[in-house]
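Notes follow the structure.
The values are calculated or read from the model by the stated rules, or taken from the named source; none is laboratory data. Everything numeric here is computed off the predicted structure, so don't read it as measured data. Because the Cβ atoms are built from the backbone with ideal geometry, glycine has one as well, and the counts that use them run over all protein chains shown. Ligands, DNA and RNA are excluded from the accessible area calculation, which covers all protein heavy atoms including side chains. Shrake-Rupley method; radii C 1.70, N 1.55, O 1.52, S 1.80 Å.
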Amino acid sequence: MSAVNSSARDVDVDLGKLFASMAKAWKIILLVAIVVSAVAFVLASLATPYYKAETRLLIETRESVFTRPSGQDAGGGPLLDQEGVLSQVEVITSTDLLAQVAKKLNLASLPEFDAAAGQSVFTRLLVLAGLKSDPGEIPAEERVLEAFREKLKVYRVENSRVIAIEFSSEDPKLAAAVPNAIADAYLQFSREAKLQSNTAATEWLEPEIQALTARVKEAEARVAAYRSQSDLLIGQNNAALATQQLAELSTELSRTRANRAAAEANAESVRLALRNGSLDAFPDVVSSNLIQRLRERQVQLRADIADLSTTLLDNHPRIRALRSQLADLDRQVEAEAQKILQSLSSTAESARLREGQLVAELNRLKAESSRVGEKEVELRALEREAAAQRELLESYLTRYREAASRRDGDYLPADARIFSRAVTPVDPYFPKVVPIVGAAFAASLLLMSIGILLRELFSGRAMRPAEGAYFEPVEQIRMPEPMPVEAPVAGSEGGEIDGGQSHGQVSAQEAAEMLIAGGASRALFVSPEGDEAAASAVMVARGVADAGLRVLLVDLTAMGAASRPMLGEEELPGITDLLAGEAKFIDVIHSDLYSDCHVIPVGTADQRKAMRSVERLPAIMDTLSAAYDVVIVECGPAGAESIRRLVSEGTEVLVSVIEPAEDVLAARDDLAASGYEGLTLVTPADYVNPPEPDRTAA
């Protein structure tokens with residue numbers, strides 16, 4: 001029987017040979033790099049040098065506090081925001097401005113700005129073949145502008161209000177002259193734009209001011225005519241005369257009423273004093289000179305009577321004469337008081353009459369003021385119209401005078417200034433001979449190295465067979481003498497091994513070779529003797545993995561007898577976690593610590609919960625068989641019915657044995673009776689684990 005391992009096609013890259021090929025060809029690599037560098041040096045030296053210069057503009061408000069138009073604040077103009085700066089970039093690159101600069105510098109006469117002049121033979125052939133448009137068909141001005149734009153770069157410096165104008169040319173003087181000329185033309189263009197705007201403003205304001213002056217005169221004339229027609233005379237404080245008189249009359253009426261009330265009160269007081277005989281307590285009486293003299297005379301008479309009464313009797317003629325004089329003085333005082341009372345009464349009556357007159361006049365002025373108020377409403381409307389026209393006229397006059405003075409004084413600063421003018425460059429920016437030659441040398445070295453490496457790889461000279469592969473054909477696996485069995489067996493359910501003959505006891509190495517030669521995709525190990533016999537499955541899995549096949553061992557024992565020697569004592573997720581739905585395939589597959597074999601341990605999930613989903617086990621095994629060359633399942637001391645769901649096409653059933661005792665033979669016979677024929681006893685004895693291969697896969 002013959003078979004070839006699938007890993008026979010695996011090869012490794014021999015890095016030593018690969019880099020040795022580069023060492024052998026170093027002269028060719030260096031020669032090509034030198035040649036390429038020389039060509040690059042010649043081309044760079046023969047290339048037309050280009051010079052670059054730059055002019056920078058700062059966008060800012062150029063008005064000062066003394067020249068700024070009235071009404072404009074000092075916070076800057078509308079060009080000081082980001083959009084305004086970007087707009088000025090578009091203005092600088094406008095066709096009109098570039099055409100003006102091109103005409104000023106006579107760029108049309110220079111060959112580098114005229115694509116139609118000095119065409120190469122190759123370009124003419126392309127034009128004749130129709131593969132390229134003829135530059136001569138384009139107008140000369142457009143050709144100049146097209147070449148101008150290709151050499152010009154205008155951009156806004158990031159996070160600033162600075163505009164950079166770059167220009168490249170074969171002539172260093174022209175490289176500096178063009179950006180300076182563009183900057184000057186832009187400033188002149190801005191000033192002319194302001195001048196045009198200023199001139200347009202003055203031309204518009206002149207007829208407007210004339211018309212507005214006439215309207216102001218008409219409005220003021222209407223105000224004066226209406227005031228005269230409505231008899232709206234103006235007094236002090238620009239108030240209507242009727243209103244002012246009404247206010248004054250109200251004040252006079254209040255004063256008159258106060259005087260009348262005071263006079264009536266005084267008269268009543270004198271009257272009460274006369275009635276009560278207490279004239280001396282009344283101020284108006286006391287202040288009378290005549291009454292004062294009479295009172296003094298009365299005091300004198302009383303004093304004389306008192307003096308005479310000490311020596312004379314009351315009926316003495318002299319005393320009687322004095323008393324008669326005293327009574328006469330009392331009558332004179334009373335008569336004088338009556339006169340004062342009449343005077344006060346007259347004053348009160350006069351005040352009362354004056355009050356009546358004032359009330360009548362006040363009522364008349366009220367009616368007049370009401371009429372005047374109604375007229376003033378219309379008058380104020382006319383005055384507002386006249387005032388608005390007057391203010392507008394004054395503002396127009398102010399703006400006109402400012403615009404005229406700026407125009408006549410030729411003071412129209414552009415909102416930009418040149419703070420960095422271009423100077424004639426000394427060194428060309430292209431070509432840079434040293435960087436170009438260096439880059440060509442490095443690139444040629446890299447490309448030649450890659451080319452030689454690829455040549456060696458594709459030729460196969462840098463490849464070698466992968467270690468551990470079985471390239472020699474296996475004609476026949478020599479097996480030991482079969483152990484006697486009670487019943488004849490044929491080939492196994494999944495496939496025949498060695499012509500369908502039953503086998504005796506074999507070692508783990510021989511079992512691995514048998515699985516490889518037979519092309520088995522799945523191997524089920526039953527271990528009647530318990531955990532110790534599970535070592536056979538581990539050794540067989542490692543042997544198959546060392547042969548270069550992709551091998552997976554699934555541990556279905558109760559205590560993880562097969563997976564613990566391969567993974568250590570750490571509890572890792574495994575087949576129970578997969579059945580319980582608590583993990584994915586990538587979470588339960590682990591690498592053997594001592595070989596290239598992969599392992600799925602028992603797991604950490606509840607086994608009773610996992611057994612509820614045991615019907616998923618065949619689908620899981622089919623998925624694993626599709627991903628691996630061989631899937632080895634250690635089933636422990638399982639019976640024929642327990643492993644039936646794990647059997648599929650290409651499955652081999654093997655019995656792990658340490659000593660062929662009766663329980664082992666009984667388990668084998670039970671499996672054979674259940675239809676698993678051609679069983680093989682596998683022992684871990686005399687097995688030497690091969691060293692871990694040290695290879696690099698291609």
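Proximity of backbone amide H atoms, modeled 1.01 Å from N, is registered between F430 and Y50 at under 5 Å, excluding neighbours fewer than 5 places apart on the same chain.
Near V682, the amide H atoms lying under 5 Å from its own belong to V506, V655, S656, V657; only residues 5 or more places off or on other chains count, and H is placed 1.01 Å from N.
Label-to-label distance, E615 versus A673, with points set 7 angstrom from Cα along the beta-carbon direction: 3.0 nm.
Could you order the peptides 254-260, 597-603, 339-345 from most to least packed, using the average number of other C-beta atoms within 10 Å per residue? Before the final figure, lay out each step's value.
Working: 254-260: 15.1, 597-603: 25.1, 339-345: 17.3.
Put in order of decreasing packing, that is 597-603, 339-345, 254-260.
Here the simple spin-label model places points 7 Å from the Cα toward Cβ, and for E659 and E208 these points are separated by 12.3 nm. For region 445-456, 3J(HN,Hα) computed residue by residue from phi via the Karplus equation (6.51, -1.76, 1.60; θ = phi - 60°) reads 4, 5, 5, 5, 4, 5, x, 5, 4, 5, 4, 5 Hz, glycine and proline entered as x. What the phi angles of region 532-547 give under the Karplus curve with 6.51, -1.76 and 1.60, with θ = phi - 60°, is a coupling list of 5, 6, 5, 4, 4, 5, 5, 5, 5, 4, 5, x, 5, 5, 5, 7 Hz, glycine and proline written as x.
Assuming 0.36 nm per residue, please report the length gained on full extension of the stretch L362 to E83 beyond their Cα-Cα distance. Intermediate values should be presented prior to the final figure.
Details: separation 279, 0.36 × 279 = 100.44 nm, distance 7.05 nm.
Extending this stretch completely gives an extra 93.4 nm.
Using Stokes-Einstein with the Kirkwood hydrodynamic radius over Cα pairs, what translational diffusion coefficient do you get for region 501-595 at 4 °C and a viscosity of 1.567 mPa s, in µm²/s rounded to a whole number?
Working: Rh = 14.4 Å.
D = 90 µm²/s.
Close amide H pairs (under 5 Å, H built 1.01 Å from N) link L553 with H598, V599, I600, I632, residues at least 5 positions away or on another chain.
Carbon-plus-sulfur fraction of the accessible area of region 296-410, 1.4 Å probe, in percent? Provide the component values of the computation, followed by the final result.
Numbers: 3730 of 7520 Å².
Summing carbon and sulfur atoms, their accessible area is 50 percent of the total for region 296-410.
A 1.4 Å probe run over the protein chains yields, for region 135-224, 53 Å² of accessible area per residue, whole-number rounding. Note on region 146-198: with neighbouring protein chains present and a 1.4 Å probe, carbon and sulfur make up 45 percent of its accessible heavy-atom surface.
Site pair F19 and E641 shows an inter-label distance of 6.4 nm when each label is modelled 7 Å from Cα along Cα→Cβ. Subtracting the Cα-Cα distance of T251 and I450 from their residue separation scaled by 0.36 nm leaves 60.0 nm. Computed 3J(HN,Hα) for region 668-679, one whole-Hz value per residue from the Karplus formula 6.51 cos²θ - 1.76 cosθ + 1.60 where θ = phi - 60°, is 5, 5, 5, 5, 5, 5, 8, x, 8, 8, x, 6, glycine and proline marked x. Taking 0.36 nm per residue of sequence separation and removing the Cα-Cα distance, the W26/S370 pair yields an extension gain of 111.9 nm.
Once Rh is set to the Kirkwood radius over Cα pairs, what Stokes-Einstein translational diffusion coefficient, in µm²/s, holds for region 601-657 at a temperature of 10 °C and a viscosity of 1.306 mPa s?
The estimated diffusion coefficient comes to 124 µm²/s.
Where in region 166-196 does the label zone of Q100 land, with the point 7 angstrom along Cα→C-beta and an amide N cut-off under 14 Å? Only 181-196 fall inside the zone, counting backbone N under 14 Å. One Cα centroid belongs to region 566-627, the other to region 322-401; the line between them spans 118 Å.
For region 158-227, with equal point scatterers placed on the C-alpha atoms only and solvent neglected, what are the log10 I(q)/I(0) values from the Debye formula at q = 0.24 1/Å, to two decimals? Once normalised to I(0) and log-transformed, intensities are -1.02.
With the whole protein complex present, T424 retains an accessible surface near 80 Å², based on a 1.4 Å probe.
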